[in-house]
Amino acid sequence: YRAGVNADPSTELLAQLHLRMVDGLPGKPPVLLCGPRGCGKSSLGSALAAKLGRCFIDADHLLEARHQRSIKEWITEDIEGFRAAESTLLRELVTFRGCIIALGGGVVENAGNRELLAVQAAVFKLDSEVDTLFQRQQNEPRPPLTDLEPLEEVRDLHQRRQPAHLAASNHPCLNTV
């Protein structure tokens, strides 16, 4: 490409080529789980993978391992950098044939990510009531994303991200009680 047009290929061009190549790969497409923080993506995904004999990947854990940085620290110091790394990882994860993958709750905030997810074969949105999400997050604290009180933040993020999670998924929403 560089020799023919005297330039490096754009990120967009590489992403389009990558997606076209993925369609020809053998094996089952990944099962992608999206939804708000605390809805059970990791717990359900891990159990489902064990039951089906598939590998399980938690996107947040993979990001932390690859970048040697905790998400709590990363979000606090550089949310834009975190979201960019999350988007880059998502383009890779959709090629992981046969895996069950739990995505981060905010991955759908990026329009390109929503578009990428919307064309995947198996994207499931998990959800729970706001009070349930709040209780689960008290048991396993996450970094704050707003200046709101914790319960109000859960409510605000749930309401704001709900349409994006629905746009990204292509199966009925599953309530994880």
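The values are calculated or read from the model by the stated rules, or taken from the named source; none is laboratory data. What you see is a predicted model; the values in this text were computed from it and never measured. As a convention, Cβ positions derive from the backbone with ideal geometry for all residues, glycine included, and neighbour counts pool all protein chains shown. We work out accessible area using only protein heavy atoms, side chains counted, and drop any ligands, DNA or RNA first. Shrake-Rupley method; radii C 1.70, N 1.55, O 1.52, S 1.80 Å.
Within the shell defined by Cβ-Cβ distances under 15 Å, the residues around Cys55 carry a net charge of +2, with Lys and Arg each +1 and Asp and Glu each -1.
A simple packing score, the average count of other Cβ atoms within 10 Å per residue, orders the peptides 59-66, 36-43 as 36-43, 59-66, with the highest score first. Taking the average, over residues, of other Cβ atoms within 10 Å as the packing measure, peptides 135-141, 86-92 rank 86-92, 135-141 from highest down. Approximating the spin labels as points 7 Å out from Cα along Cα→Cβ, the Ile79-to-Asn175 distance works out to 3.0 nm. Can you give me the solvent accessible area of Glu73 with a 1.4 Å probe, rounded to the nearest 10 Å²? We get 80 Å² for Glu73.
Electrostatic tally near Leu117: other residues with Cβ closer than 14 Å to its Cβ, Lys and Arg +1, Asp and Glu -1, net +1.
Compactness of the stretch 88-177, taken as the C-alpha radius of gyration over 2.2 N^0.38 Å, stands at 1.13.
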